[in-house]
Amino acid sequence: MASVDHSLNLMGIDHIDLLLVHRPDPMMDHHETGAALDEVIASGKVRSVGVSNFRPWDWELLQSAMKNTLATNQIELSVLAHHSFTNGDVAFHQKNATPMMAWSPLAGGNLFNGQNDAVTAALDAIARDRGVDVSAVAVAWLLAHPSKILPVMGTNNLSRISRLSDACDVKLDRQEWYEIYTAALGHEVP
Ligand SMILES: NC(=O)c1ccc[n+]([C@@H]2O[C@H](COP(=O)([O-])OP(=O)(O)OC[C@H]3O[C@@H](n4cnc5c(N)ncnc54)[C@H](OP(=O)(O)O)[C@@H]3O)[C@@H](O)[C@H]2O)c1
């Protein structure tokens with residue numbers, strides 16, 4: 001509650017559109033936390049509440065003690081951090097039709113530092129074919145997923161943001177999606 005008041009004061013605003021709980025708390029009393037989150041919404045200080053880095057069981061625990069519906073889970077998702085596609089996290093939210101936000105959708109810039117040549121080559125082949133930047137293909141790879149992922153971009157560079165917006169026009173088919181995925185895995189998909 002104090003954190004919400006502090007953020008409102010710092011930003012000089014009267015409400016927060018979306019408040020995220022940054023990570024699971026192994027000591028969480030879900031009744032206490034759930035009631036506090038419902039209260040900040042009831043007070044009008046916060047419009048909606050979500051979480052970040054929650055596993056499905058963390059989500060269900062907190063949600064079970066809340067009147068309001070959690071709006072989103074912000075998790076790490078990128079070509080270089082694809083574990084959530086197969087560990088049940090994406091499947092959980094896809095089944096429940098909960099929007100997922102992707103943090104570090106360009107792996108925090110690590111896609112472009114020369115450490116992952118096979119992945120860069122796979123992205124680059126499609127980028128050249130479509131006449132867009134490699135970064136736009138990396139984001140298009142997330143947007144292609146049927147769970148309707150919402151990437152949270154990190155750059156404040158206007159020309160990079162402009163190039164990233166091309167991702168909305170790049171439609172990847174399953175073959176292309178798997179070419180990038182295979183490069184990221186480092187082996188053929190059985
Ligand atoms: N919930 C969590 O636990 C968690 C954890 C990490 C991050 N986040 C959130 O996720 C947001 C995005 O994370 P992120 O900053 O790691 O995102 P990102 O979009 O994956 O990476 C952005 C970084 O990539 C660099 N970059 C290099 N080439 C680029 C290109 N062609 N286009 C765009 N960027 C390029 C950027 O540099 P320049 O800035 O110089 O352009 C910037 O340092 C953060 O702002 C934060 O709010 C959340």
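No value in this document is a laboratory result; all are computed from the given coordinates. Bear in mind the structure is a predicted one, so any value in this text is a computation, not a measurement. Ideal geometry is used to build each Cβ from the backbone, glycine not excepted, and the neighbour counts take in all protein chains shown.
Give me the percent of DSSP beta bridges within the chain that run antiparallel, rounded to the nearest 5. Display every interim value, and only then the final one.
Working: 1 of 15 bridges.
Percent antiparallel among DSSP bridges in the chain is about 5.
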**Asked** To the nearest 500 deg cm²/dmol, what mean residue ellipticity at 222 nm is calculated for the chain from DSSP H runs of n ≥ 4 alone, each contributing -39,500 (n - 2.57), summed and divided by the residues?
**Response** -13000 deg cm²/dmol
**Complete:** For the range 158-163, Karplus-derived ³J(HN,Hα) couplings (6.51, -1.76, 1.60; θ = phi - 60°; whole Hz; x for glycine and proline) come out as 5, 5, 5, 4, 4, 5
**Fill in**
Of 109-118, 72-81, ordering from highest average Cβ density within 10 Å down gives 72-81, 109-118
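At a 10 Å Cβ-Cβ cut-off, how would you order V40, V189, fewest neighbours first? Numbers along the way, then the final one.
Values: V40 20, V189 7.
The fewest-first ordering by Cβ neighbours comes to V189, V40.
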**Prompt:** Mind checking which lysines have their C-alpha under 23 Å from K67, skipping anything on the same chain fewer than 8 residues away?
**Reply:** K45, K95
